[in-house]
Structure formats: structure tokens, C-alpha cells
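One structure is given here, and the rest of the page talks about it.
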Amino acid sequence: KRQAYNGASFAGSKSRTGVGAGLSASTTFSRTFPTQSKLLGLNRLRHVVIPYVQFETLSVSGAASSEFVQMDQVDQIDSGSVTTIGLKQRFQTKRWRDEQWRSIDWMELDLAYVKRSSDSVNMLLDEDYISADMEMRLTDHVSLHSRDNRFGLENLRDVWNFGMSLDWAPGLKADLDYDRIEGVSSTFTTGLYYPLSDRYALLLDERY
């Protein structure tokens with residue numbers, strides 16, 4: 001194909017072939033505590049800890065991304081690797097649902113260190129960061145969450161979120177979230193979801 005960029009012309013075709021592989025390992029530890037709380041809806045508390053390691057690599061042969069006019073993330077694909085060292089935690093309890101006791105995840109907490117390296121022209125793909133996610137089900141209808149948080153260790157901007165979800169029968173849900181990208185944006189988002197039928201639903205979304 002032919003492309004024009006800054007007055008220059010690029011003609012012909014470029015070919016690349018990529019081969020990827022990955023490896024993961026984890027283990028699980030747990031302990032149960034005789035905790036009771038009507039206020040927090042706790043009927044015993046089971047703490048589950050899952051440390052894990054993941055490694056992914058991609059090897060690309062052929063033209064390098066520097067030979068392409070950079071239009072989107074597809075043009076940035078090159079050889080690289082990602083190593084993740086993480087710790088997942090689950091705090092489980094039992095609640096009375098559908099006329100029987102059921103186990104639920106009362107709180108989830110995930111932390112991970114992500115190390116990246118790449119031959120791409122996008123230098124941000126070489127930056128390391130720490131990811132953090134949390135969700136806590138205070139009651140059957142109220143939960144707190146903090147999702148897709150990223151804390152850059154070098155030049156990456158910090159990204160973090162905090163919010164609350166309300167869930168009422170029959171299917172009415174409301175969300176309030178605060179999202180911040182360091183030095184870029186700060187946003188409050190409110191949302192309302194209500195199913196009208198099996199095929200249609202009402203969704204209201206407002207951002208400030």
C-alpha cells in the first residue's frame with residue numbers, strides 16, 4: 001500500500017510474523033476465622049491468598065515498527081515481553097440467598113508488579129507499573145470498588161478509580177465513580193441501569 005506522511009511517500013508492502021508464548025505459576029493458601037457481624041453481613045470469614053507469576057513474550061520477524069507510519073497500536077507491535085508478579089486475596093463469607101447459605105467473595109484485593117520491555121517505537125511500552133484493584137460487598141445491595149488502578153514507576157501517569165454501586169431488585173443498578181489520570185483529567189461519573197425486557201434496557205450516564 002502507499003502512505004503519505006509529512007510530505008513523504010511510502011510505497012510497497014511490509015510483512016511481519018509474530019510468535020508468542022506464555023508461562024504462569026501460582027499457589028493458594030487459606031485460613032478460616034470464626035468472625036460474626038450482622039452489620040457487615042459476615043458469617044465466618046475465609047482468607048484466601050494466591051501468589052502468582054506470569055511471563056509472556058512475543059517474537060516478531062520482518063519489518064520493524066519504525067518502518068511503519070504510526071497510526072494506532074497495531075503499528076507499534078514488535079518483539080517484547082511482560083513479567084507479572086502478583087498477589088490475589090479473597091475474603092469469603094456465607095450469606096443466606098435463595099433459601100440456602102451460599103459462599104460469596106466479601107472482599108477482593110489484587111496487587112501486581114508489571115515489568116515490560118519492547119522493541120516498539122512507543123517508549124511507554126518499556127515502563128514498569130504497579131496495578132491495584134479492590135471490590136468490597138458491604139451488603140447484598142451496596143458495594144465499593146476501585147478498579148484498573150495503575151501507578152507508574154517511571155514516566156507513566158498514575159491512573160486510579162474509586163466508586164460505589166447500588167443494586168436494587170428487580171435489576172435496578174446505580175453507580176457513582178471518580179476517575180483520575182494524573183495531570184490529564186479528573187472525572188465524576190454517575191450511571192443508572194434498568195432492564196425493560198429480555199432485549200431492551202434503559203441506561204443513563206452522566207459525566208462531570
Distance (nanometres) between label positions extended 7 Å along Cα→Cβ at GLN54 and ALA21
1.9 nm
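About its Cα centre, what dipole magnitude does the chain give when the only charges are +1 on Lys and Arg Cβ and -1 on Asp and Glu Cβ, stated in debye to the nearest 20?
Result for the chain is approximately 720 debye, rounded to the nearest 20.
Pairs of lysines 8 or more apart, or on different chains, with alpha carbons under 29 Å: count those in the chain, would you?
For the chain, qualifying lysine pairs total 7.
The chain: D in µm²/s via Stokes-Einstein (Kirkwood Rh, Cα pairs, 10 °C, 1.306 mPa s)?
The Stokes-Einstein estimate is 75 µm²/s.
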The chain: relative contact order as a whole-number percent, Cα under 8 Å and 6+ apart
11 percent
Within the chain, which is the longest segment that contains none of the GluC sites (Glu not before Pro) sitting in a DSSP loop with at most 11 other Cβ atoms within 10 Å?
1-98
Computed over the range 63-157, Kirkwood Rh from alpha-carbon pairs, angstrom
16.4 Å
Backbone N under 17 Å from the LEU42 label point (7 Å along Cα→Cβ), restricted to the range 104-139:
104-109, 135-139
Please give me, ordered by residue number, the trypsin sites (Lys or Arg not before Pro) of the range 104-208 that lie in loop per DSSP and have at most 16 other Cβ atoms within 10 Å.
ARG157, ARG199
Between LYS115 and ARG199, what is 0.36 nm times their sequence separation minus the Cα-Cα distance? Round to one decimal in nm.
26.0 nm
How big is D for the range 159-208, in µm² s⁻¹ as a whole number, if Stokes-Einstein is applied with the Kirkwood radius of its Cα pairs at 20 °C and 1.002 mPa s?
178 µm²/s
Pop the C-beta distance of SER185 and SER131 into the FRET formula with R0 = 22 Å and round what comes out to the nearest 0.05.
0.70
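Values in this text are rule-based calculations from the coordinates and carry no lab data. Remember, predicted model here, so these are calculated numbers, not experimental data. Quick reminder, even Gly has a Cβ in these numbers, built from the backbone with ideal geometry, and neighbours come from all protein chains shown.
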